[in-house]
1. Just need the relative contact order of the range B:212-312 here, percent rounded to a whole number, with Cα pairs under 8 Å and 6+ apart.
2. Kirkwood hydrodynamic radius, computed over distinct alpha-carbon pairs, for chain B: how many Å, to one decimal?
3. Per DSSP H run of at least 4 residues, take -39500 (n - 2.57); add these up for the protein assembly as shown, divide by its residues and hand me the 222 nm value, nearest 500 deg cm²/dmol.
4. What is the gain in length, in nm to one decimal, between residue A:176 and residue A:231 on full extension, counting 0.36 nm per residue of separation less the C-alpha to C-alpha distance?
5. If one computes P(r) from the Cα atoms of the range A:1-75, what percent of pairs lie at distances over 20 Å?
6. With N set to the number of residues, divide the alpha-carbon radius of gyration of the range B:177-270 by 2.2 N^0.38 Å and report two decimals.
7. Going by the alpha-carbon gyration tensor, a ≥ b ≥ c the square roots of its eigenvalues, is the range B:98-191 rounded (a/c under 1.5) or, if a/c is not under 1.5, prolate (a/b greater than b/c) versus oblate?
8. What is the spread of the Cα atoms of the range B:1-44 along each of their three principal axes, largest first, in whole Å?
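A short reminder: the numbers here are calculations on the coordinates, not readings from a lab. Keep in mind the model is a prediction, meaning the values are calculated, not measured. Here the Cβ is made from the backbone with ideal geometry for all residues, glycine too, and neighbour counts use every protein chain on show.
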């Protein structure tokens, strides 16, 4: 496996211009969509099959009439332990040699399990192609020595692209700097490879708690349920089987336990 | 967890119908096998009806699943791909073009459906040939029965485990859906056999009584698991979960949910413990069976519908 690539999105630098959204659409040739009124500059409310990058806008009240305006360019996290990848029953979703997660459009059969299994609501179903789609980390570009289109277009370097270990070092330094500047709540989201989902290969610098940005505090790999759920189902199966044996063996004809 | 972030697979009624029929098929197959193992002569009618029900209930399964796919022509990709990728997840087992992903209940379920379908076909065929007086399939039918029962139980339970392995708040926060779906499968499988036997009539009073007794046991298990499901989701806390649960218990899905509880659990159990069914009146047994079948379908449908609704 080649060295893991990553994207680092620093919300403290984001100006909400949405150049990343436009660049993503242009490079990936994603068709225009009906705009959606969400009450802010955000469009759309969720990732769609035609929007792999999405700048989210949030207003946070301080309870005294003051308001902080947060903006964050959101994208597929390319999780080290990815719910979509584990869910996919066809093997269409795979991990590339760069550690990113991609959907092979020639294999996907449109079962939509990955759509429900993504802890971040990233994967979208495309009615036209009948397949699931999401950010490819510009798979074609990174295999030809270029960074993702969104990172290339970002005018403030809020979105940065590079080797994961190098980006993580820069990100930790940036958090320290921001804290010194008075942003006490500044924190990294998804940078810790021992943390939730084994770390995110698209990680973020946030200026407050993840919940302000609509992100889960500690996302959980859905497949971590499978073992316990299966054991309990086996327990239930044993009870049903025993119940059947007892009912049919009982000589009285009245059966039951 | 913020519910507004997540997306839904929006699986339609077709899938609920498959989950229901899979449960009926698995439950009926297990009961037919157990009855035949205990006393084949006494319960021959039950075994025959059970294996036929299992086959008829499993036949629509693959069709419903394939129709629901975005690209139905690629249904075989559930089992095999010509040019597989190298890294398709943890615990993926590949052999040539075939793959099985142990952490993906949908992948395991596709294989289980294939194997159970073969067993259901063989069991029904053997019973049919035996009835025609051709020959006895003693041991080979028993083997098919036991193998089919294992995969039948799997077929009844895995949809619940599959839902539990999604990010939807109502599903991911409880461990009991697989167990619950299996109990529903047992109850509805027994009810399907009882319904057909009570319509066919004949000298089946004893088998019918025992089926109804089993149905009651399965319903008690189902009720206990339903309480555990709702209870554990509730205990897991956080706003998104309360919202999802509210949708099921008090929101727009609550009417169907409570209907399923009353029609599918309370009334059949009340009739049974009221001593009415113990006399094995075929008419009443048929009525109770219909109630259990309807209740079993609705309880699965409404849990899936409430869990899939995107909140906010």
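1. Working: 71 pairs, mean separation 35.2, N = 101.
The normalised contact order for the range B:212-312 reaches 35 percent.
2. Working: mean 1/r = 0.0493 Å⁻¹.
Its Kirkwood hydrodynamic radius stands at 20.3 Å.
3. Helix contribution divided over all residues of the protein assembly as shown: -16500 deg cm²/dmol.
4. Values: separation 55, 0.36 × 55 = 19.80 nm, distance 4.54 nm.
That pair, residue A:176 and residue A:231, stretches by 15.3 nm at full extension.
5. Working: 1113 of 2775 pairs.
Summing the P(r) tail past 20 Å for the range A:1-75 gives 40 percent.
6. Numbers: Rg = 16.3 Å, N = 94, 2.2 N^0.38 = 12.4 Å.
Against the compact-globule rule of thumb, the ratio is 1.32.
7. Numbers: a/c = 3.91, a/b = 2.11, b/c = 1.85.
Judged from the Cα gyration tensor, the range B:98-191 comes out prolate (a/c at least 1.5, a/b above b/c).
8. Cα spread of the range B:1-44 along its principal axes, largest to smallest: 58, 23, 8 Å.
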